[in-house]
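The values are calculated or read from the model by the stated rules, or taken from the named source; none is laboratory data. It should be emphasised that the depicted structure is a prediction, and the values quoted were computed from it without experimental measurement. Backbone-built Cβ (ideal geometry, glycine too); neighbour counts: all protein chains shown. Just the protein is used for accessible areas: all its heavy atoms, side chains included, with ligands, DNA and RNA removed. Shrake-Rupley method; radii C 1.70, N 1.55, O 1.52, S 1.80 Å.
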Amino acid sequence: LSANASNEPPGYPVPIQSELLDLADRAIADPEREGNYAAVYNVGEYALASRIHLIRAARKSIDIQTFIWVYDESTCYLFNEIKLAASRGIRVRLLIDHLVPFGGDSDIMAEMILANENVEIRYFNPVSSRLNNGLDVYTTKAVSDFNKLNRRMHNKLFIVDGKVAMLGGRN
């Protein structure tokens, strides 16, 4: 990340150049062009590095939809990059399945929610109104409303500036 030459504080992150976003811009600008560009990442480290690159290159928005967001080393890295992006005005929206949120750590969820006004977090199909749920909540829901408990969101999307999308997980 480089320093911004404008009136921002020293060290304020600015978007990096991205061949991926440039390619998307060229494809969108050509009305005669048919089709899309695609790449396959079959190594988890490449998929993570591509997400970090796109977060750093984002100019407007980052939308993430995921099944499980457990606070591990790679999630911590992504979260810190998301906070930097939000601090430069990027709108970040996370849609996370409520079945296994953040490994059950309410403090981490609260930190993400309070990190920046540009970060919005929503749960898909909340199991209850509680931030995190214990075994008692899941057991009660399994007995009383198994269909709701069983309706999960397994989609994994990562979209930057509405132009570049990554599908699938980081693993």
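Here is how the numbers come out for the structure above:
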{"item": "Residue that is modelled with pLDDT of 70 or more and either in contact with a strand residue (DSSP E or B) (Cβ under 7 Å, 6 or more places away or on another chain) or surrounded by fewer than 16 Cβ atoms within 10 Å (Cβ to Cβ) (or both), where the choices are 166, 109", "result": "166"}
{"item": "Counted residues, the stretch 50-73 - those being without any contact (Cβ under 8 Å) to a residue 60 or more places away in the chain and open to solvent by 60 Å² or more (accessible area, probe 1.4 Å)", "result": "5"}
{"item": "Output for the stretch 128-158, where each listed residue is open to solvent by less than 50 Å² (accessible area, probe 1.4 Å) and either in a loop (DSSP other than H, G, I, E, B) or modelled with pLDDT of 80 or more (or both)", "result": "128, 132, 133, 134, 152, 153, 158"}
{"item": "Subset tally (residues that are of a type in the set (S, T, N, Q) and modelled with pLDDT of 85 or more) for the stretch 1-49", "result": "3"}
{"item": "Flag for residue 25 being outside any helix (DSSP H, G or I) and touching a residue at least 12 places away in the same chain (Cβ under 8 Å)", "result": "no"}
{"item": "Filter result (touching a residue at least 60 places away in the same chain (Cβ under 8 Å) and more than 14 Å from residue 168 (Cβ to Cβ)) within the stretch 28-49", "result": "28"}
{"item": "Matching residues in the stretch 23-33 - criterion: being more than 21 Å from the chain's Cα centre (by Cα) and open to solvent by less than 100 Å² (accessible area, probe 1.4 Å)", "result": "23, 25, 27, 29, 30, 33"}
{"item": "Where a residue in the stretch 112-127 is under 27 Å from residue 138 (Cβ atoms) and its partner, wherever it lies, is at pLDDT 75 or above and surrounded by fewer than 16 Cβ atoms within 10 Å (Cβ to Cβ), with Cβ under 6 Å and at least six apart", "result": "120/93"}
{"item": "Among (1) among the charged types (D, E, K, R); (2) surrounded by 14 or more Cβ atoms within 10 Å (Cβ to Cβ); (3) under 17 Å from residue 163 (Cβ atoms), the one test that residue 83 misses", "result": "(3)"}
